[in-house]
1. Scanning for something in contact with a Ser or Thr (Cβ under 8 Å, 6 or more places away or on another chain), of a type in the set (D, E, K, R) and over 22 Å from residue 161 (Cβ atoms), does region 17-37 turn up at least one residue?
2. With the condition kept exactly as written, say whether any residue in region 107-121 is out of contact with any Lys or Arg (no Cβ under 8 Å at 6 or more places or on another chain), open to solvent by 30 Å² or more (accessible area, probe 1.4 Å) and modelled with pLDDT of 95 or more.
3. Within region 26-41, count every residue that is part of a helix (DSSP H, G or I) and either more than 15 Å from residue 113 (Cβ to Cβ) or open to solvent by 70 Å² or more (accessible area, probe 1.4 Å) (or both).
4. When you scan region 90-113, how many residues do you find that are under 16 Å from residue 23 (Cβ atoms) and touching an Asp or Glu at 6+ places or on another chain (Cβ under 8 Å)?
5. Please identify the pairs in which a residue from region 136-147 that is on the phi > 0 side of the Ramachandran plot has its Cβ atom under 9 Å from the Cβ atom of a residue that is crowded, with 21+ Cβ neighbours inside 10 Å, counting only partners at least 6 apart or on another chain.
6. Hey, among the residues in region 137-154 that are more than 20 Å from residue 120 (Cα to Cα) and either part of a helix (DSSP H, G or I) or not hydrophobic (A, V, I, L, M, F, W, C) (or both), which one's least open to solvent (accessible area, probe 1.4 Å)?
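The values are calculated or read from the model by the stated rules, or taken from the named source; none is laboratory data. Here the structure is a predicted model, which is why all the values come from computation and not from measurement. Cβ sites come from the backbone with ideal geometry, for glycine too, and all protein chains shown count toward neighbours. Please note that ligands, DNA and RNA were not included when accessible areas were found on the heavy atoms of the full protein model with its side chains. Shrake-Rupley method; radii C 1.70, N 1.55, O 1.52, S 1.80 Å.
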Amino acid sequence: MTRPLRLVAVSGGMQRPSKSAALAAHLLDLIAEAVPCEQHLIELGPLVPQFAGSVWRSHLPAAVERELVAVEQADVLVVATPVFRGSYTGLFKHFFDFIDQDALIDKPVLLAATGGSERHALVIDHQLRPLFSFFQARTLPLGVYATDKDFIDYRLRDEALLKRAALAVQRSLPLIDLARHATSPQAEDRVAA
């Protein structure tokens, strides 16, 4: 029997409520419907005051360190960020600057972003995918981009977006399944041997 996947989402939204957090939570739920997992959502907004001025990981408070470890130990990541001036936010990047550069190797990562209009939709392929390629992560085939009009009261309402999110998760399941089998007790025993 395999243990539940450690499924972690990072939302780069700086406010609460956050459309990026809402999108990340929706994607977490869709994955959880398909595979047994333990979900954890990290919202950067409340953490920012604790890490924004830090340069070294050793200087971070325990609360930030716990979230970094959660990302590093995740079996599958979902990342969602608002678009700010054509890219992910600087504080989103600063959080990932503290992640060990080898911790995400081969880790499946579902990419998502939110923005004011469709003109920023390429942020997934032009900004997020290269960032996670640096970490040698396995960015999943489809990203999910949502605009302000796709939400009502911070809930996804647009039918086309809901279908795209479902398709992104469906297309991700073969890679997520590989991660699930890699976390089985038998696989862990092979690694330990």
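1. No, because not a single residue in region 17-37 is in contact with a Ser or Thr (Cβ under 8 Å, 6 or more places away or on another chain), of a type in the set (D, E, K, R) and over 22 Å from residue 161 (Cβ atoms).
2. No, because not a single residue in region 107-121 is out of contact with any Lys or Arg (no Cβ under 8 Å at 6 or more places or on another chain), open to solvent by 30 Å² or more (accessible area, probe 1.4 Å) and modelled with pLDDT of 95 or more.
3. Total satisfying the criteria: 7.
4. Count: 0.
5. 136/104; 136/107
6. Taking the candidates together, the pick is 138.
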